[in-house]
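Here the structure comes first, spelled out in structure tokens, and everything after it is commentary.
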Amino acid sequence: CQRLGDYLEAIKKDFVRACKVYKNNCDDNAHGKSCLKYANYRLIGKGSTEDKAEAHRYYLKGCEAGCAKACFGVGLGLTAKEGESGVARDVDQGLAFFSRACDMGSPDGCYFASSLFITGTDLPRDMRRAFRFAERACELKNMQACTNVALMYERGQGVQKDPAQAKRYRELVADYEEQLKQSRGIEMEQGIKD
């Protein structure tokens, strides 16, 4: 069913039918990715009417079905400004869902959890916890988090100051950026040949 929804979405561009397939597959089979796709559709009104509260319910269903991106979606809804997401703002619960997404391998979940502790706007500032989440996000290839880890090592924030580690993380970011440039060059060359 998930593949049928993806086919309707990507090949046929029939978003109304794709939306229905994703919803049915979520409801009938508890398929996490279908719950996520349906929630995304309802969030922006693609193939359906916009309904942010419905989107939140389906992000939650997707999270319960084991979809890390859906857990991240729940966290985003709970940490959004009041009135923007269709649910009451609850930063503590949002953090719990970001943390859950992080534990499931979502680099964005880890990065957003880290950011909550770095800013100290909605939660008490806690650089040790921020560092742990940023380090995990970096391991999962979130380069913004790697940059934050480098800065934290450089400044001794949340971790003991270590210029060698700061340098290592900055080099990691530079290497990744170089890989991105090379892969984009290859894509451009392939496009020219086709």
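Since every read-out is calculated from the coordinates, none of them should be taken as a lab result. The structure presented is a predicted model; accordingly, all values stated were derived computationally and were not measured. Neighbour counts run over all protein chains shown; Cβ positions are idealised from the backbone, glycine included.
Residues of region 30-58 being of a type in the set (S, T, N, Q) and more than 18 Å from Cys71 (Cα to Cα), which ones?
Ser48, Thr49 - these are the residues of region 30-58 that are of a type in the set (S, T, N, Q) and more than 18 Å from Cys71 (Cα to Cα).
Answer yes if at least one residue in region 135-156 is among the aromatic types (Phe, Trp, Tyr) and free of Cβ contacts under 8 Å to residues at least 24 places away in the same chain, and no otherwise.
Yes, the conditions are met somewhere in region 135-156.
Within region 115-135, is there a residue that is within 18 Å of the chain's Cα centre (by Cα), hydroxyl-bearing (Ser, Thr, Tyr) and under 23 Å from Lys81 (Cβ atoms)?
Yes - at least one qualifying residue is present in region 115-135.
Output yes when any residue across region 76-98 is among the hydrophobic types (A, V, I, L, M, F, W, C) and touching a Phe, Trp or Tyr at 6+ places or on another chain (Cβ under 6 Å), and no when none is.
yes
Return the total of residues in region 12-32 being aliphatic (A, V, I, L, M) and in a loop (DSSP other than H, G, I, E, B).
Applying the first criterion (aliphatic (A, V, I, L, M)) to region 12-32 yields 16, 18, 21, 30.
Applying the additional criterion that residues be in a loop (DSSP other than H, G, I, E, B) yields 30.
The total comes to 1.
Out of Ala55, Ala10, Ala18, Ala39, I need the residue that is among the small types (Gly, Ala, Ser), over 21 Å from the mean Cα position of the chain (by Cα), more than 25 Å from Thr121 (Cα to Cα) and surrounded by 23 or more Cβ atoms within 10 Å (Cβ to Cβ). Which one?
So the residue among Ala55, Ala10, Ala18, Ala39 that is among the small types (Gly, Ala, Ser), over 21 Å from the mean Cα position of the chain (by Cα), more than 25 Å from Thr121 (Cα to Cα) and surrounded by 23 or more Cβ atoms within 10 Å (Cβ to Cβ) is Ala18.
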